[in-house]
Amino acid sequence: MDSRDEEEIYQEHILDHYDDPFHRGHCPGATHAHEDDNPLCGDVVRVELRIDPQGRVEQAWFEGDGCCVSQASASMLMEKIEGLTLDELKHFSAADMLGLYGARLTPNRQKCCLLSWRVVQEAVHSPIANGGADGSPDAGPSPNRSSDGNSKSADDGTQRRADSRK
Amino acid sequence: MAVAQTLPLDPARLRKDFPILSTVLHGDKPLVYLDNAATTQRPRAVIDTLVDTYEKHYANVHRGIHWLSDQSTDLYEEAREKVRRFIGAPQRHEVIFTTGTTGAINMVARSWGDANVGPGDEILLTLMEHHSNIVPWHQLAERTGCRVCFAPIDDDGLLQLDALDELITDKTRLVAVASVSNVLGTINPVAEIVRRAHAAGALVLVDAAQSVPHEPTDVASLGADFVAFSGHKMLGPSGVGVLWGREALLDAMPPFLGGGSMIRRVRLDGFEPADLPAKFEAGTPPIVSAIGMGTAIDYLTAIGLDRIHAYEQMLTARAHEQLEALGGVHILGPAPEHKGGIVSFTVERIHAHDVAQLLDRHGVAIRAGHHCAMPLHKRLGITASSRASFYFYNTPEEIDVLVEALRAAKRLFRRD
């Protein structure tokens, strides 16, 4: 009854991620964070990472608001990147992300799927000022030079999302 | 069918005039076009007018001393007269052809606004305005130091009239309000707003993009000072719209865009503007689009705007009833009797973009997102909604298709 290509977008395991996401919320002791949106449709994803001194992703959490594709793909990505080294993360390409999602997506919906991937790639360059959140004494390493611009835009984005949810 | 006899008009017959409405997509799904608040479709008569004008009557207007230019000019000015009659404007030269509603509102903001608004002055909008009736005023505030204020709405999506008296003060220079909300469908009490604004010495601009195509408009009885609307939302071509303004106001306003047509005389040290309406129609206007809009007006007039309005309210009532019965669907805006043919809604735990994508599988075209009304969505506490918007060519059966498609979407998302 429905065309097959479209049907694939909403496969059961994708809906599972959408309804019961992996690590949705704040990352305890986060060392890195970034947030961005898709200006066209307003999907928002914030990613918080806890990266250990050896440069391995200990924990990956996300928050966000948007369509099934953007939120389910974020959940899949968090699950995927925990345990990866920063080097492995750097080599996790956009094509890998689309492959992880699985379903075939039109170019417009690919942007939804790649939102969290873009945010993760920025997050590893965006250490949280004064170290980990939630009072964690261990700030973790800054594997790359700090980028005030990125940290700031993450903060602005948080404010924007909080406003839009009032 | 029995149902057709009780309807104010015969959509099945009228649909035959619209070639695009017989489209079948995704193999076997008839197009169910419910995105009319974004833009409507065109009947054969309008399409033929465009072709006919280009093939037989086209030249630039008000310029050539030749037969073809006379033809083109006559048709263009005839279209202006059709608009005048359609909206009950006293004078033909009060009808300014623009690029659309957005172009018309920007013209007022730039021309009237820059000349008449200063620091401390206030422009009053409502929370349900389209971005095209917000951003030009924010830009005016940036240039002049005036303040932009917003009249609140209640939880049903109705304008809070009792708040207006406090908001309209001696600082208020203009109240700019949508006659019908493009998201909520709310029909605003424009005549009452005009009465209160004029009592305080403020002017009123009406964004009539969502009302002129759907109900009778009479600018004289409306009492407003400026009225803006678009051709493409009323069966006409895109790229043309109208600003109607009171003659005295338009006469006193400086020209907006400078160029050809809008001048009486150009010297090395300056220029003298032309009379209305040319003063506000710099450059070659949207000639063929305006002529096509004239044909659209003929078509709408032949059906009757009263009947169109009554029929669309029937569709809205039917949509409300069926969507509410579906469960898990939250309809935005007031009860159907306060609405035009616009029904926006959210579906529990299915994002609007997913709703639109799933409805598309059934051939149903709706709009999903913030519909160029982000402040309104923020007020409603949501980031996006789905919008079904009707025109006279939509059928009651198409609403059944919409509801069935939503039922299927809920099933797929395991929300039933």
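The values are calculated or read from the model by the stated rules, or taken from the named source; none is laboratory data. Just so it is clear, the structure is predicted and the values come from calculations on it, not from any experiment. With ideal geometry, Cβ positions are generated from the backbone for all residues, glycine too; neighbour counts draw on all protein chains shown. The protein model used for the area step is the full one, side chains on, heavy atoms only, and it has no ligands, DNA or RNA in it. Shrake-Rupley method; radii C 1.70, N 1.55, O 1.52, S 1.80 Å.
To one decimal place, what Kirkwood hydrodynamic radius in Å is obtained for chain B from all pairs of distinct Cα atoms?
Hydrodynamic radius (Kirkwood, Cα pairs) of chain B is 22.3 Å.
If packing is taken as the mean number of other Cβ atoms within 10 Å per residue, what is the order of A:74-85, B:328-339, B:248-259, highest first?
On the way: A:74-85: 20.3, B:328-339: 18.3, B:248-259: 15.9.
Going by the mean number of other Cβ atoms within 10 Å, highest first, we get A:74-85, B:328-339, B:248-259.
Amide H contacts of residue B:37 (H built 1.01 Å from N, in plane; Pro and chain starts excluded): B:389 sit under 5 Å, all sequence-distant by 5 or more or on other chains.
Protection proxy ranking, highest mean first, for peptides B:218-229, A:86-97: B:218-229, A:86-97, where packing is the per-residue count of other beta-carbon atoms within 10 Å, averaged.
Summing charges over all other residues whose Cβ lies under 15 Å from the Cβ of residue B:277, with Lys and Arg as +1 and Asp and Glu as -1, gives -1. Quick note on region A:3-123: its Rg to Rh ratio, both from C-alpha atoms and Rh being the Kirkwood radius, is 0.96. Accessible surface buried by the B/A pair amounts to about 1900 Å², both sides summed, 1.4 Å probe. Legend: calculated FRET efficiency, residue B:44 to residue B:162, from the Cβ-Cβ distance at R0 = 51 Å, rounded to 0.05, equals 0.60. Candidates B:331, B:182, B:302 compared by Cα position along the dipole of the protein assembly as shown: farthest toward the positive end lies B:302, with charges placed on Cβ.
For residue B:180, the residues 5 or more places off, or on other chains, whose built amide H falls under 5 Å of its own are B:188, B:210, B:211. With the simple spin-label model, which puts each label point 7 Å out from Cα in the Cβ direction, the residue B:337 to residue B:115 separation comes to 4.4 nm.
Scanning chain B for helices, which whole DSSP H stretches are 18 Å or more long along the axis (Cα) and average -0.5 or more by Kyte-Doolittle?
Details: long enough: B:67-87 (31 Å, -1.05); B:287-303 (25 Å, 1.50); B:305-326 (31 Å, -0.44); B:396-412 (25 Å, 0.07).
Taking the DSSP H segments of chain B (at least 18 Å long, mean hydropathy at least -0.5), we get B:287-303, B:305-326, B:396-412.
In order along region B:155-171, phi translates into HN-Hα couplings of 5, 8, x, 9, 4, 8, 4, 5, 7, 5, 4, 6, 7, 8, 10, 6, 8 Hz, rounded to whole numbers, per the Karplus curve 6.51 cos²θ - 1.76 cosθ + 1.60 with θ = phi - 60° and x for Gly and Pro. Extending 7 Å from the Cα toward the beta-carbon at both residue B:13 and residue A:93 defines two label points whose distance is 6.2 nm. Any idea what the alpha-carbon Rg over 2.2 N^0.38 Å comes to for the protein assembly as shown? Here the answer is 1.09, to two decimals.
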